[in-house]
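Novice: Dropping a structure here in structure tokens format, bear with me for questions.
Just so it is clear, none of the values below were taken in a lab; they were calculated from the coordinates. Keep in mind that what you see is a predicted model, and the values were worked out from it rather than measured. Backbone-built Cβ (ideal geometry, glycine too); neighbour counts: all protein chains shown.
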Amino acid sequence: MNIKKLIEAFIHLIIWSTGFFIIVNYTYTILDFKRESGPYWMPVLFGTISSMILFYTTIFLLFSRFVNKKSVLLMSIIGLFFSINIFETLVDYNFLGAHFSTEKEPFLSHLLYNSYLNLFVLLIGISYFLIKYWIKNEKQKHILLEEKLTTEMAFLKSQINPHFLFNVLNSLYSQSLKHDAPRLSDGIAKLSHLMRYMVYETNCEKIELDKEIGHLNNFISVYKLRIAENDDVSINLNITGKTSGVKISPMLLIPLVENAIKHGINANKKSVIDINLNAQKEELMFTVRNTIHRATSELAQNHSGFGLNNLQKRLTVLYPDKHTFGTTDEKEYFTAKLNLQLN
């Protein structure tokens, strides 16, 4: 636990303790619980513990698990709220009220009082979570913006005019056609498409999934130009589901493929890269599986490099709590899986 979490926990302890101390020492009656009727602190302590259970279960369990499933979250909060209210009221009415009170308030009075108090605690808990959630997202957006600006400045300092490069590629493409080299001309054309996509298509927040898939196909086709005919290298791309009409943030899929090619291909050994994309109405599942040609420790270090770390940061900002990303290191294969919620 880091120092910030320790400070936060200490502040929470101070707040709850202060509230308990004030109620016990500066109030004289709560419904039929009166100071002169017995150990007044006991029903106050029970009420405080009930409120703490409601508060922390809501923000740390329900919101953390169901923040993107609004209907499930709402039903869970309502269920928790009524469960704690009924349980607390039953204990107050049948046990605490009978032993620490000279009067007998009706069950409904206890229920209404506990409902008002717990509703107040619940609203504070929800507000607390939403404020923390907003601050966290703003910090992540700020970090991503700074990294983007740094990258753009570095690019501006070193870039060659893209129009010049496109003109050169067009000239090379024309020359390859004149010399009857269809494989080379096709590779040059796809390389040109790659560059145009990265320069002109990736500035928007969302892009059609079909365009991203086209970029993947071009990238794989260009890389295959490096593979000799006698090399035992296989790169397979399998697309399933409905991709038309689906939009995602650009350049989220290519880092996994680049990573697999960088660490999974060895011209002297059998190398396989399997890329599977399944698009549904509200979810996209992308899996890249590649052979392993390195020692386990070295592989783990390389696969956790800048590319995947940067991808994870982007996902945290672009799809907060709407993605899962993980890797598995098996005996002969390394697998990266990315799931995006598209709703």
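Novice: Which of Phe107, Phe334, Phe120, Phe81 comes first, and how do the rest follow, when ranked by fewest Cβ neighbours within 10 Å?
Specialist: Fewest-to-most ranking of Phe107, Phe334, Phe120, Phe81: Phe120, Phe107, Phe81, Phe334.
Novice: Explain nothing, just compute: Karplus ³J(HN,Hα) = 6.51 cos²θ - 1.76 cosθ + 1.60, θ = phi - 60°, for every residue of segment 121-126 in order, whole Hz, x for Gly and Pro.
Specialist: 5, 5, 5, 5, x, 5
Novice: Output wanted: per-residue J couplings in Hz (rounded whole) for segment 105-120, from phi through Karplus 6.51 cos²θ - 1.76 cosθ + 1.60, θ = phi - 60°, x for Gly and Pro.
Specialist: Per residue, the Karplus-derived 3J(HN,Hα) values read 5, x, 4, 4, 4, 4, 5, 5, 4, 5, 5, 4, 5, 5, 5, 4 Hz.
Novice: Using a Förster distance of 22 angstrom, determine the FRET efficiency expected from the C-beta separation of Lys242 and Lys322, and round it to 0.05.
Specialist: With R0 = 22 Å, the Cβ-Cβ based efficiency is 0.70.
Novice: While we're here: R0 = 35 Å: FRET efficiency of Asn278 with Leu144, Cβ-based, nearest 0.05?
Specialist: 0.80
Novice: Next up: Compute the signed sum of charges (Lys and Arg +1, Asp and Glu -1) over the other residues within less than 15 Å, Cβ to Cβ, of Ile135.
Specialist: Combined, the nearby Lys, Arg, Asp and Glu give +3.
Novice: Let me ask something else. Gain in length, Lys269 to Met285, computed as 0.36 nm per residue apart minus the alpha-carbon separation, to one decimal in nm?
Specialist: The span from Lys269 to Met285 would gain 2.8 nm if fully extended.
Novice: Return, ordered by residue number, the residues of segment 261-285 whose backbone nitrogen is under 13 Å from a label point located 7 Å along Cα→Cβ of Ala228.
Specialist: 267-269
Novice: Could I ask something else about it? Leu342 to Tyr128: extension gain in nm, 0.36 nm per residue of separation minus the Cα-Cα distance?
Specialist: Full-extension gain reported as 74.3 nm.
Novice: Moving on to the next point. In nm, to one decimal, how far is the Val72 label point from the Leu13 one, both placed 7 Å along Cα→Cβ?
Specialist: 3.4 nm
Novice: Can you pull the one-decimal nm distance between simple spin-label points at Phe120 and Ile3, each 7 Å off the Cα toward Cβ?
Specialist: Rounded to a tenth, the inter-label distance reads 3.6 nm.
Novice: Now, a different point. Restricting attention to segment 241-290, which trypsin sites (Lys or Arg not before Pro) occupy a DSSP loop and are surrounded by at most 15 other Cβ atoms within 10 Å?
Specialist: Lys242, Lys269, Lys270, Lys281
Novice: If each residue's Cβ is checked for other Cβ atoms within 10 Å, how do Thr335, Thr324 rank with the fewest at the top?
Specialist: The fewest-first ordering by Cβ neighbours comes to Thr324, Thr335.
Novice: Take the Cα gyration tensor of segment 229-341, multiply each eigenvalue by 5, square-root it, and list the three semi-axes largest first, rounded to whole angstrom.
Specialist: 25, 17, 11
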